[in-house]
Amino acid sequence: MEIRRDVFQAIADPTRRAILSLVAIQAMTPGTIAENFDSSRQTISKHIQILSECELLEQTQNGREIYYHINAKKMKEVADFIEPFRKMWDDRFNKLEAIMKNYKTKK
């Protein structure tokens, strides 16, 4: 049975977000990624597997080493989906800020 991973469940985990931040800077091997965490290498490998299944990470092979790097196209899809929500919350916070400024000046 094939498990279908949800990209938003994948990025909900702080360790996986940290992995994405690391490989956004440069491609890394699983061992190099794991060195940045207190978790076991097996745990980090599972996180990498989930990110790969969601197509947030891609891998390339150089000799015997596998390097993981961020899939910018997939990350853009996620960002494009989130953008309208960010705009909505920015508008709401700006309105709240205007109300609070008006409230302070009336006191």
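The values are calculated or read from the model by the stated rules, or taken from the named source; none is laboratory data. Since we're looking at a predicted model, the values are computed, not measured. Glycine also receives a Cβ, built like all others from the backbone with ideal geometry; neighbour counts cover every protein chain displayed. The area values use the complete protein model at the heavy-atom level, side chains included, leaving out ligands, DNA and RNA. Shrake-Rupley method; radii C 1.70, N 1.55, O 1.52, S 1.80 Å.
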Using θ = phi - 60° and Karplus 6.51 cos²θ - 1.76 cosθ + 1.60, couplings along segment 32-38 (whole Hz; Gly, Pro as x): 5, 4, 4, 4, 8, 10, 7
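For segment 48-107, take the convex hull of the Cα atoms, compute a quarter of its surface area, and give me that in nm², please.
6.3 nm²
How high is the relative contact order of the chain? Use alpha-carbon pairs under 8 Å, at least six apart in sequence, and give a whole percent. Spell out each step's value before the answer.
Working: 78 pairs, mean separation 25.7, N = 107.
It comes to 24 percent, rounded to a whole number.
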Could you point to the residue in A10, Y103, T32 farthest towards the positive end of the chain's charge dipole, with +1 and -1 charges on the Cβ of Lys/Arg and Asp/Glu respectively? Y103
With each run of n ≥ 4 DSSP H residues scored as -39500 (n - 2.57), what mean residue ellipticity at 222 nm is computed for the chain after dividing by its residue count and rounding to the nearest 500 deg cm²/dmol? -21500 deg cm²/dmol
Solvent-accessible area per residue, Å², over segment 48-94 with all protein chains present [probe radius 1.4 Å]: 75 Å²
Any lysines whose Cα falls less than 29 Å from that of K104, other than same-chain ones fewer than 8 residues away, would be K87, K95
Percentage of Cα-Cα pair distances in the chain greater than 24 Å, rounded to whole percent? 40 percent
Could you tell me what percent of the accessible area of the chain is made up of carbon and sulfur, with a 1.4 Å probe and every protein chain present? 53 percent
